[in-house]
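Each remark here refers to the structure printed beneath this line.
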Amino acid sequence: VRGATKTARLLAGLALAAAALPGAPAAAQDSIPAYKFILDYDVPESPAFVALGVSPEKVTTGSASKPIVVNLLTQAVTGDRTGAGLALDFSPYFVFGGRFDNIDEYRASGLKRRLANTIVSLATIQDPADSANLRFGVGARMTVFDDHDPLQNTALSARIESLLTPAEDELGVGRESGTGIDTIAGLAEAYRALVDSIQATPGRALAVGWGMAGTVRNAVLSADSITGTRHRFWAGYRETFRGGVELLGAVQVGEGVTEDHSFRIGAALRANVQRVRLTGEVVYESETGQVHPGAIAVIKAIPQVDVVASLGSEPDASGASDTAKLRFRTMLRWNFSETGRR
Amino acid sequence: MADRTCTVRGNGGPLVVRLTADNLLNSGARFILVDSTDTIRSNWTMQTGDDGRDEHRITEFAPSALAGFYIKWLIRTCSRHPSAESGTIRVEVFQDGVAAPMSPLASWTQKVPQCSTGTAFRITDFCDLVIQ
């Protein structure tokens, strides 16, 4: 109970940190409506969860950043206790005021585009070995290139703007002014269809990441209370074949538990079936010499929320045993973004 | 808010209306040129595209013939990047390559919806043309 209370305290701190971000949702005021939620294409894996080793998908790649994403993790380990965790991901480039002159600049400036597609992540989970302690993770991930980035598609602007352009009878005479939010007939469907068609075409993507995990003793954050910090670096590559089936490859190098450095190599096959993204993966862990299979389903439950469920084997948490454990994880990814005023 | 005025020279060159939208926004707009009897004398569309701007030259009327006219617009804007939640949408009138004085400026720095949501930020406004 004591550990759970401390977890709740730290999670509340993360939520407060989220609220303090410049781009974070705030309480509704005057004409600002309740926040609308978006999830227009893949919400990426939280880099901080990757650092903590609790990411449902071990073979991770990049996708477009989102302003702020909250990941809620529950995990059930066979023969072990159940843990819970929370990760807060955000895009620092836009949250702290970064801008582009136009879409052409996004395409031309590789540095700014990569900064815009960089995610920073903070996470915490209960320490399964000691409920008085908390494990934390910080991480960052950059999408180096992504052929499926909708902003790289030159046909999309013309299609969107043809739908945005008002019909002749929508603008009458009279000196009047005003602003608001309009629902554009066919825009969401056209956008979705175009993005789907882009994602189904052959293409490549590469993302790189870094993460650091550690333990906060007694859940009190101070310089002396942080122990066991370990760094991890990774790269993920995605090759999309005709029809949208994806081959993923990932390499992770990190400071291991039982040796100075460990690495993990994984490959995965991924396909989208209706509103479900299915992934099968195989991962080799150098620390244990084991190969671990896994399966992940990402279900778009409602337009703004993904439900992630994964089942796979993993090394024993201590890393010292040759045994593997079957692990079932579920996660809610909630992507919340302000999208306009009414 | 006070009516917006745009001051142009009667003996200057033709007017050019420019629409801009920055920061990964897409805008589609319709403009009308209305005379002193509230009759629409010209009607055109503008789309900012990937370079974030579009221009339209008013060739039907010499600036000296635009006394009492006003330009009115309806602009719709949405964002193409999930993290780019805001941007600036601006309407300017140029004459002989120089921005005509406009008061107040027709500029909106605004949070806008994601195009993927099927919604867009709408601006309806106008500018009275003042001929010098």
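The values are calculated or read from the model by the stated rules, or taken from the named source; none is laboratory data. Bear in mind that the values here come from a model prediction, so they are computed numbers and not experimental data. Glycine gets a Cβ as well: all are built from the backbone with ideal geometry, and neighbour counts include every protein chain shown.
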Exercise. Could you please let me know if A:R242 is in a strand (DSSP E or B) and basic (K, R)?
Key: no
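Please find, among B:F61, B:F31, B:F126, the residue that is in a loop (DSSP other than H, G, I, E, B), touching a Phe, Trp or Tyr at 6+ places or on another chain (Cβ under 8 Å) and modelled with pLDDT of 95 or more. Don't jump to the end; show me each part of the working.
On the way: B:F31 fails: in a loop (DSSP other than H, G, I, E, B); B:F126 fails: in a loop (DSSP other than H, G, I, E, B).
Criteria check complete, one pass: B:F61.
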Quiz item: For the range B:96-114, does any single residue satisfy the condition of being modelled with pLDDT under 95, in contact with a Pro (Cβ under 9 Å, 6 or more places away or on another chain) and within 21 Å of A:L187 (Cβ to Cβ)?
Solution: yes
Exercise. Collect the residues in the range A:124-161 that are within 14 Å of another protein chain (Cβ to nearest Cβ), in a loop (DSSP other than H, G, I, E, B) and not hydroxyl-bearing (S, T, Y), keeping them in residue-number order.
Key: A:H148, A:D149, A:N153, A:A155
Practice problem: Within the range A:183-202, identify whether any single residue is within 26 Å of A:V245 (Cβ to Cβ), at pLDDT 90 or above and in a loop (DSSP other than H, G, I, E, B), and answer yes or no. | Solution: yes
Practice problem: State which residue is modelled with the lowest pLDDT when the search covers only the range A:273-289 and only residues that are within 30 Å of A:V195 (Cα to Cα) and surrounded by fewer than 18 Cβ atoms within 10 Å (Cβ to Cβ). | Solution: A:Q274
Quiz item: For residues in the range B:34-64 being without any contact (Cβ under 8 Å) to a residue 12 or more places away in the chain and surrounded by fewer than 16 Cβ atoms within 10 Å (Cβ to Cβ), which is farthest from the other protein chains (Cβ to nearest Cβ)?
Solution: B:T37
Self-check item: Count - residues of the range A:222-249 that are among the hydrophobic types (A, V, I, L, M, F, W, C), under 30 Å from A:A200 (Cα atoms) and more than 22 Å from the chain's Cα centre (by Cα)
Solution: 1
Quiz item: Do you know which residues across the range A:90-117 are more than 7 Å from every other protein chain (Cβ to nearest Cβ), free of Cβ contacts under 8 Å to residues at least 60 places away in the same chain and surrounded by fewer than 21 Cβ atoms within 10 Å (Cβ to Cβ)?
Solution: A:P92, A:G98, A:E105, A:R107, A:A108, A:S109, A:G110, A:L111, A:K112, A:R114, A:L115
Practice problem: Determine, yes or no, whether A:E168 is surrounded by fewer than 21 Cβ atoms within 10 Å (Cβ to Cβ), within 14 Å of chain B (Cβ to nearest Cβ), at pLDDT 80 or above and at negative phi. | Solution: yes
Quiz prompt | Enumeration of residues in the range B:19-33 that are at the interface with chain A (Cβ under 7 Å from one of its Cβ atoms), buried (at least 23 other Cβ atoms within 10 Å of the Cβ) and out of contact with any Gly (no Cβ under 6 Å at 6 or more places or on another chain) | solution = B:L24, B:N26, B:S27, B:G28, B:A29
Quiz prompt | Pairs with Cβ under 7 Å, 6+ apart, first in the range A:187-198 and more than 11 Å from B:T119 (Cα to Cα), second basic (K, R) and surrounded by fewer than 19 Cβ atoms within 10 Å (Cβ to Cβ) | solution = A:A190/A:R159; A:L194/A:R159
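Okay, residues lined up against (1) of a type in the set (G, A, S); (2) in a strand (DSSP E or B):
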residue: B:L74; (1), (2): no, yes
residue: B:H81; (1), (2): no, no
residue: B:I89; (1), (2): no, yes
residue: B:S107; (1), (2): yes, yes
residue: B:S116; (1), (2): yes, no
residue: B:R122; (1), (2): no, yes
residue: B:V130; (1), (2): no, yes
Quiz item: Among the residues of the range A:293-313, which ones are surrounded by fewer than 21 Cβ atoms within 10 Å (Cβ to Cβ) and in a strand (DSSP E or B)?
Solution: A:P293, A:A295, A:A297, A:I299, A:K300, A:A301, A:I302, A:V305, A:V307, A:A309, A:L311, A:S313
Practice problem: Report the residue count in the range A:131-146 for those that are farther than 20 Å from A:R329 by Cα and not hydrophobic (A, V, I, L, M, F, W, C). | Solution: 5
Quiz item: Within the range B:77-132, how many residues turn out to be of a type in the set (D, E), facing chain A (nearest Cβ under 7 Å) and closer than 20 Å to B:L15 by Cβ?
Solution: 1
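Which residue is nearest to the other protein chains (Cβ to nearest Cβ), if the candidates are limited to the range A:177-193 and must be hydrophobic (A, V, I, L, M, F, W, C) and surrounded by fewer than 18 Cβ atoms within 10 Å (Cβ to Cβ)? Steps first, answer last, please.
Restricting attention to the range A:177-193, the residues satisfying the condition of being hydrophobic (A, V, I, L, M, F, W, C) are A:181, A:184-185, A:187-188, A:190, A:193.
Checking which are surrounded by fewer than 18 Cβ atoms within 10 Å (Cβ to Cβ) leaves us with A:185, A:193.
On the way: A:A185: 8, A:A193: 11 Å.
Going through the qualifying residues, I end up with A:A185.
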